[in-house]
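Coordinate-derived values only; no laboratory data. Quantities reported herein were computed from a predicted structural model and do not represent experimental measurements. Cβ placement follows ideal geometry from the backbone for every residue including glycine, while neighbour counts extend to all protein chains displayed.
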Amino acid sequence: MTKRAYKYRFYPTTEQAELLARTFGCVRFVYNSVLRWRADAFHQCQEKIGYAQASTRLTALKQDPELAFLSEVSSVPLQQCLRHQQTAFKNFFEGRAKYPVFKSRKRRQSIELTLSAFKYVDGQLYMAKSKAPLAIRWSRPLPGEPSTLTISKDSTGRYFVSCLCEFEPSKLPVTPNMIGIDLGLKDLFITDQGERVGNPRHTAKYATSLALAQRRLSKKKLGSANRAKARIKVAKLHAKISDCRQDNLHKLSRRLINDNQVICLESLKVKNMIRNPTLSKAIADVGWGEFVRQLAYKAAWAGRSLVAIDPWFPSTKRCSDCGHTLSSLPLSVRAWDCPKCGATHDRDINAATNIKAAGLAVLALGENVRGMGPVSVSCSR
Ligand SMILES: [Zn+2]
């Protein structure tokens, strides 16, 4: 059994919106004040504070008569936010993330509710301390009783509930198809069959309206109601861009998974490439990292194999017919002839063909493939 989140939009009543606003506020307050306390302890006496101590600190905060408002909301999300903070610190100390930052009122707000803080009765969800069920737009059926709810409000003011449920992935029927894909910027990816999937460049499409909205926002007086309205306009454009990108990536990754048993791609060092200032915007916009993440979990659920080959493998410069490797191939050269065997190659299709061959070799031989360096194989079955 795996767990899977099912996310829905919902429309709170005035009373629910008010309760949520108070809960978001309390969670933010607890998170930030405990974070400040931990940071002080760390800087002043090099003391590392664990979850148990943070939790004791929460109890102390709640006993402070000036902070009585903390007892007016469910205690579960307050506790849960400290668990998340613990994970954030763990990621920081193990070198995976930056130092935890304070939560801001202006950004996405979220709370996590465990079983004692909500009810699921007759297909309806109820939050603790609220009588009415959540008015959820059930875009797909919920398969069972959720174990955890995450309620969030994004920066444009939309409310979502994400329900974590047990889920039995159903394997797709085995297909003989195997594919190699080369991720790119002009096209999101190119397959070894020669199919080019264009890059919709969502950010570029909305760049002008975004610039206008941002300019208008910058001219509004700080703290004014008009500034708040202008801020929402900017946030809505950002949300639109991100929704479009996500929708497109989900459709494409679903199609690749449905049609192919094995998908081979290059494991890109996206983080390093994003540091390249001339390309960073385009790379962030195309969403390679998210695309690979979607392929990985969908492959695992469907019983497909996703093979990521090492980015140092010379997929572009190598002739896919005879294996001859060129010493260099400038980015501007889109097609070339192999000096050894004379084959004519399209740059990207040749790369995708090489990626496929390398990936299949990895699958067949395991990890020690000569000349290809370290290889990561993820989610293969
Ligand atoms: Zn050749």
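Among 71, 110, 242, the largest mean-square fluctuation in a Gaussian network model of the chain, built with springs joining Cα atoms closer than 10 Å, belongs to 71. Within the shell defined by Cβ-Cβ distances under 14 Å, the residues around residue 139 carry a net charge of +3, with Lys and Arg each +1 and Asp and Glu each -1.
Each principal axis of the chain carries a Cα extent, and these read 82, 52, 50 Å when sorted largest first.
Each Cα pair under 8 Å and six or more residues apart adds its separation to the average, and for the stretch 2-167 the resulting relative contact order is 35 percent.
Using a Förster distance of 51 angstrom, determine the FRET efficiency expected from the C-beta separation of residue 221 and residue 63, and round it to 0.05.
On the way: r = 41 Å, r/R0 = 0.80.
The pair residue 221/residue 63 has a calculated efficiency of 0.80.
So, in Å, what gap is there between the alpha-carbon centers of the stretch 291-351 and the stretch 78-141? With the stretch 291-351 and the stretch 78-141 each reduced to a Cα centre, they are spaced 42 Å.
I need the shape label for the stretch 2-167. Rule: rounded when a/c is under 1.5, else prolate if a/b > b/c, else oblate, with a, b, c from the alpha carbon gyration tensor. Please report the intermediate quantities before stating the final value.
Numbers: a/c = 2.06, a/b = 1.59, b/c = 1.30.
Here the stretch 2-167 falls in the prolate category.
With a 10 Å cut-off between alpha carbons and a GNM built on the chain, which of 212, 125, 164 moves the most? For the chain, modelled as a Gaussian network with Cα springs under 10 Å, the answer is 212.
Which of 316, 325, 59, 278 has the fewest other C-beta atoms within 10 Å, and how do the rest follow up to the most?
In increasing order of surrounding Cβ atoms, one gets 278, 59, 325, 316.
Taking a straight Cα-Cα cut-off under 22 Å and skipping sequence neighbours fewer than 8 places away in the same chain, the lysines within cross-link reach of residue 340 are 317, 356. Assign one of three labels to the stretch 1-48, namely rounded, prolate or oblate, based on the Cα gyration tensor with a ≥ b ≥ c the square roots of its eigenvalues; rounded applies when a/c is under 1.5, prolate when it is not and a/b is larger than b/c, and oblate otherwise. Taking the square roots of the gyration eigenvalues as a ≥ b ≥ c, the stretch 1-48 is oblate. Treating cross-link reach as a plain straight distance, find the aspartates and glutamates whose alpha-carbon is under 20 Å from the alpha-carbon of residue 7, omitting any fewer than eight places away in the same chain. Output for residue 7: 112, 122, 145, 154, 166, 168, 243, 247, 290. Calculated [222 nm] ellipticity per residue, helices only, for the chain: -14500 deg cm²/dmol; basis is -39500 (n - 2.57) per DSSP H run with n ≥ 4, divided by all residues, nearest 500. Charging the Cβ of each Asp and Glu at -1 and of each Lys and Arg at +1, and nothing else, the dipole of the chain about its Cα centre rounds to 1760 debye.
Listing 104, 267 from the residue with the fewest other Cβ atoms within 10 Å to the one with the most, what is the order? Each step should come with its number before you reach the end.
Details: 104 11, 267 17.
By the 10 Å Cβ count, ascending, the order reads 104, 267.
Contact order for the stretch 146-298, expressed relative to its length and based on alpha carbon pairs under 8 Å spaced 6+ residues apart, stands at 25 percent. Loop-only chymotrypsin sites (Phe, Trp or Tyr not before Pro) in the stretch 35-120, please: DSSP not H, G, I, E or B, and at most 12 other Cβ atoms within 10 Å. Here the sparse-neighbourhood loop sites are 102.
Which of the residue pairs 153/229; 221/281; 62/98; 171/298; 251/298; 229/281 have a Cα-Cα distance greater than 20 Å in the structure shown? Listed pairs above 20 Å: 221/281; 62/98; 229/281. Across the chain, Cα pairs under 8 Å and at least six residues apart give a relative contact order of 15 percent. Within the listed set 49, 309, 241, the residue fluctuating most in the Gaussian network model of the chain (springs between alpha-carbon atoms under 10 angstrom) is 49.
The longest part of the chain holding none of the exposed loop GluC sites (Glu not before Pro), meaning those outside H, G, I, E and B in DSSP with at most 11 other Cβ atoms within 10 Å, is 95-366.
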